[in-house]
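Some notes on the structure that comes next.
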Amino acid sequence: MPKKLAAGNWKMNGLRQALAEVQALHAACPEPTCDVVICPPATLMRSMVKTCADMKIEVGGQDCHENTSGAHTGDISAPMLADTGASYVILGHSERRASYSETDDQINAKTRAAWDAGLTAIVCIGETLDERESGKTLHIVGDQLAGSVPDGATPASLVIAYEPVWAIGTGKTPTLDEIAQVHGFIRESLQTRFGADGLEMRILYGGSMNPINANEIAAIANVDGGLVGGASLKASDFSTIVQVLST
């Protein structure tokens with residue numbers, strides 16, 4: 001069974017004083033048995049790496065460009081993230097797909113760039129409410145998985161995050177059976193494509209996981225952790241999720 005992963009996505013939140021939450025998280029969970037990664041805004045990357053230097057907490061970016069350098073004002077390359085000390089990067093988050101019209105092909109290219117820089121890619125896939133209600137969930141998830149993930153993925157280089165778009169930041173979550181169905185489908189797809197490695201690739205649940213529902217979601221087969229948004233901003237909340245994933 002893959003080692004659980006608690007990944008915190010801070011999105012566009014966090015000033016320097018927010019680093020105190022990381023210190024509080026470490027105080028609450030000094031020796032987690034799950035892996036822990038926090039993905040802060042780019043302005044905090046280097047400070048976060050320094051803060052986490054003696055902690056069992058890794059740092060990741062929230063996006064990267066598919067090119068290593070060039071005339072791309074405002075963008076950040078995968079080598080730049082690695083240069084700060086980051087070890088992960090989130091790619092294809094639904095907010096990027098929706099707000100910036102990112103395609104599977106772009107996410108595929110970004111994933112290859114992340115691997116070239118030595119980063120583990122957390123590739124996000126998931127359906128909208130209309131797609132869910134139209135019965136297209138597995139079709140959408142399957143297409144995004146096939147298009148966004150390059151050949152050559154390994155358990156060390158790839159993490160998949162299933163995030164039903166309609167559940168992000170809304171407090172709504174699919175039923176446990178619905179989560180189990182999609183995660184089981186993703187596992188089968190990974191195993192079909194990558195063989196035995198597909199059994200070891202971690203699949204995170206990424207739709208409004210919080211301290212209240214984390215225990216029952218984490219108990220579902222093929223749920224190997226969580227990609228956590230708002231609940232990762234407060235040590236009191238995120239530490240509960242880390243503790244759940246450490247059991």
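Readers should treat all values here as calculations from the given coordinates under stated rules, not as data from a laboratory. Keep in mind it's a predicted model, so treat the numbers as computed, not measured. Neighbour counts are summed over all protein chains in view; Cβ atoms, including those assigned to glycine, are modelled from backbone coordinates with ideal geometry.
Couple of notes before you dig in:
- Prolate/oblate/rounded call for region 30-79, Cα gyration tensor, a/c under 1.5 rounded: prolate
- In plain terms, the chain from Glu188 to Arg16 could stretch by 57.7 nm, reckoned as 0.36 nm per residue minus the Cα-Cα distance.
- FRET efficiency for His72 and Lys136, using Cβ-Cβ distance with R0 set to 45 Å, rounded to 0.05: 0.85
- Contour excess over end-to-end distance, with Cα ends at Ala42 and Asp116 and 0.36 nm allotted per residue: 24.7 nm
- Sequence-separation-based contact order of the chain, relative, with Cα cut under 8 Å and 6+ spacing, percent: 22
- Which of Ser94, Ser232, Ser148, Ser246 has the fewest Cβ neighbours within 10 Å, and the rest in rising order: Ser246, Ser94, Ser148, Ser232
- Dipole of region 5-245 [Lys/Arg +1, Asp/Glu -1 at C-beta], most positive-end residue of Pro30, Thr137, Thr111: Pro30
- Gyration tensor verdict on region 1-107 (Cα atoms; rounded if a/c is under 1.5, prolate if a/b is larger than b/c, oblate otherwise): prolate
- Residue-averaged 222 nm ellipticity for the chain, from DSSP H runs of 4+ at -39500 (n - 2.57), nearest 500: -11500 deg cm²/dmol
- For region 110-125, backbone nitrogen atoms closer than 18 Å to the point 7 Å from Asp151 Cα along Cα-to-C-beta are found at 110-113, 115-116.
- Averaging Cα coordinates gives a centre for region 192-247 and one for region 78-119; these two points are 20 Å apart.
- Partners of Lys56 within straight-line reach, counting lysines whose Cα lies under 23 Å from its Cα and excluding those fewer than 8 residues away in the same chain: Lys3, Lys4, Lys11, Lys234.
- When only the Cβ of Lys, Arg, Asp and Glu is charged (+1, +1, -1, -1), the dipole of region 5-245 relative to its Cα centre reaches about 560 debye.
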